[in-house]
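Okay, structure first, notes after.
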Amino acid sequence: AVAGSSPAMKQVKLEKESELRIEVNVNSPLRLRLLNGTAEIFGTEMPPENWLTFPPRMKFAIFTWYGATIEMQDNTETDYVADETPMISYVNVHAVLEGRRNRAKASPSDSDASQGPRVIVVGPTDSGKSTLSRMLLSWAAKQGWKPTFVDLDIGQGSITLPGCIAASPIEMPIDPVEGIPLEMPLVYFFGHNTPTVNADLYRVLVKELAQILERQFAGNPESRAAGMVINTMGFIDGLGYDLLLHAIDTFQATVVLVLGQEKLCSMLKDVLKRKPNVDVVKLQKSGGVVSRNSKFRASARSQRIREYFYGLTNDLSPHSSIANFNDLVIYKIGGGPQAPASALPIGAQPVADPMRLVPVNINRDLLNLVLAVSFAKEQDQILSSNIAGFIWITDIDIPRKKITYLAPSGGELPSKFLLMGSLTWIET
Ligand code: ATP
């Protein structure tokens with residue numbers, strides 16, 4: 001193509017029950033539209049004829065049940081049509097869940113029967129967990145339900161920044177470009193992208209989130225009947241496996257969908273057979289799921305932080321503010337000895353308390369850190385509080401004791417309590 005000219009266009013015809021798998025170019029976005037027929041992107045129907053723009057690097061599929069023609073720019077990294085997909089088995093799961101939601105809705109006064117399906121999606125990294133969660137949520141929302149999406153994946157979560165677990169009601173099929181709306185998610189800050197850093201804290205936050213949702217469900221028969229879809233981490237061995245069992249238990253999951261791993265499936269079937277109301281279902285992984293190496297994952301995390309402050313298309317204008325050191329109180333959770341060595345019996349080793357609030361001194365080390373702003377009003381509420389949002393530290397002026405930070409909007413922070421983990425960002 002001539003420099004500066006727009007890329008050539010092409011049309012792709014899709015037979016029924018096939019999908020067009022696309023990896024958008026690393027440097028340029030992709031424009032495409034549905035020319036005729038019907039098609040969906042991860043469970044959300046494409047609007048007819050409207051042009052859609054997908055950001056660089058995005059990987060996705062356009063699936064059609066009955067046939068469709070797509071018109072698109074011919075500038076992708078890769079695109080190809082596949083006619084072998086596990087979509088029928090996925091939509092069959094959806095149908096079973098629909099049946100359970102309807103049954104739940106029909107008995108609003110019975111506290112057990114009124115609970116819709118609680119689905120948890122598990123499997124190794126790059127097995128398509130987030131994608132399947134998304135499809136199940138979008139198909140349910142299309143049918144008028146408001147299921148709750150719970151994302152326990154602190155590495156590549158899709159509700160908010162990495163390092164967090166979060167939940168959000170899904171009221172509409174998820175936008176294929178924008179993803180989950182960031183309006184009012186319930187977010188807990190873990191602060192790291194792997195649970196090994198502080199597994200006890202991870203468990204406590206999962207429990208906290210589950211309890212809040214339980215309370216919300218109690219007062220809201222509509223969301224109770226719609227149930228939830230829980231996405232998990234791809235870490236499934238050792239500690240990862242223990243945390244999966246913990247999540248299944250804590251959220252009282254009733255359906256466990258296992259993607260792409262026989263061994264995990266049979267292990268879960270085995271331990272869960274004593275719970276007759278839990279179904280463990282093995283599902284095939286889609287051949288379209290793209291493996292992402294650690295470099296790609298790191299850049300995806302960084303991209304999400306950029307998006308939080310600047311928007312998907314640089315459409316947000318974050319606000320830079322200056323605070324005095326004294327105005328902010330920064331903590332990290334865990335680490336540090338429980339008690340000073342002098343206070344311990346002779347010979348005892350100080351142990352790290354995973355739940356201890358450790359005050360953080362403000363110094364140049366905080367530069368480029370992304371901190372969570374707690375909703376806590378008092379210090380003793382911090383551990384159990386969810387968070388309001390994030391700030392990014394851009395300057396520390398030691399002589400003047402001033403800290404400069406970027407926040408999505410100006411004005412006072414909802415709390416002076418900030419949480420620090422290992423989440424950093426460098427503007428590129
Ligand atoms: P992780 O555990 O690492 O978070 P995951 O199991 O949740 O991974 P997904 O995020 O669902 O995996 O999928 C990995 C990537 O593959 C995503 O970028 C997703 O958009 C893409 N993908 C999934 N299914 C398809 C498909 N059928 N065609 C093309 N791309 C796909």
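The values are calculated or read from the model by the stated rules, or taken from the named source; none is laboratory data. Computed from a predicted model, the values in this text were never measured in an experiment. Glycine gets a Cβ as well: all are built from the backbone with ideal geometry, and neighbour counts include every protein chain shown.
Structural remarks
- Test: residue in segment 60-74 that is loosely packed, with under 15 Cβ neighbours inside 10 Å, modelled with pLDDT of 95 or more and either in contact with a Leu (Cβ under 9 Å, 6 or more places away or on another chain) or more than 18 Å from Lys142 (Cβ to Cβ) (or both): yes
- Just so you know, in segment 110-166 the residues that are among the charged types (D, E, K, R) and without any contact (Cβ under 8 Å) to a residue 12 or more places away in the chain include one that is surrounded by the most Cβ atoms within 10 Å (Cβ to Cβ), and it is Asp110.
- Filter result (of a type in the set (Lys, Arg) and either over 17 Å from Thr232 (Cα atoms) or away from the ligand (no atom under 13 Å from the Cβ) (or both)) within segment 97-149: Arg100, Arg101, Arg103, Lys105, Arg118, Lys142, Lys146
- Selection from segment 254-278 of residues that are touching a residue at least 40 places away in the same chain (Cβ under 8 Å) and in a helix (DSSP H, G or I): Leu264, Leu268
- Residue tally, condition touching a residue at least 60 places away in the same chain (Cβ under 8 Å), in a loop (DSSP other than H, G, I, E, B) and surrounded by 16 or more Cβ atoms within 10 Å (Cβ to Cβ), over segment 349-385: 2
- Members of segment 403-416 found to be assigned to a strand (DSSP E or B) and either touching an Asp or Glu at 6+ places or on another chain (Cβ under 8 Å) or among the aromatic types (Phe, Trp, Tyr) (or both), listed by number: Ile403, Thr404, Tyr405
- Per the conditions (1) surrounded by 11 or more Cβ atoms within 10 Å (Cβ to Cβ); (2) more than 30 Å from Glu427 (Cβ to Cβ); (3) at pLDDT below 95; (4) of a type in the set (D, E, K, R), the sole criterion not satisfied by Arg292 is (2).
- Any chance Arg301 is surrounded by 17 or more Cβ atoms within 10 Å (Cβ to Cβ), charged (D, E, K, R), under 19 Å from Arg57 (Cα atoms) and within 12 Å of the ligand (Cβ to nearest atom): yes
- Selection status of Gln216, more than 14 Å from the ligand (Cβ to nearest atom) and under 21 Å from Gly157 (Cβ atoms): yes
- Qualifying positions in segment 53-72 - within 17 Å of Glu19 (Cα to Cα) and more than 15 Å from the ligand (Cβ to nearest atom): Tyr66, Gly67, Ala68, Thr69, Glu71
- Within segment 254-282, restricting attention to residues that are in contact with a Leu (Cβ under 7 Å, 6 or more places away or on another chain) and within 12 Å of the ligand (Cβ to nearest atom), the residue that is nearest to Val96 (Cα to Cα) is Leu257.
- Among (1) among the charged types (D, E, K, R); (2) more than 16 Å from Ser286 (Cα to Cα); (3) surrounded by fewer than 18 Cβ atoms within 10 Å (Cβ to Cβ) - the single one Glu17 does not satisfy: (2)
- Only listed residue being within 16 Å of the ligand (Cβ to nearest atom), outside any loop (DSSP other than H, G, I, E, B) and exposed (fewer than 13 other Cβ atoms within 10 Å of the Cβ), chosen from Tyr80, Tyr90: Tyr80
- Qualifying residue in segment 22-37 (condition: without any contact (Cβ under 8 Å) to a residue 12 or more places away in the chain, part of a loop (DSSP other than H, G, I, E, B) and not aromatic (Phe, Trp, Tyr)): no
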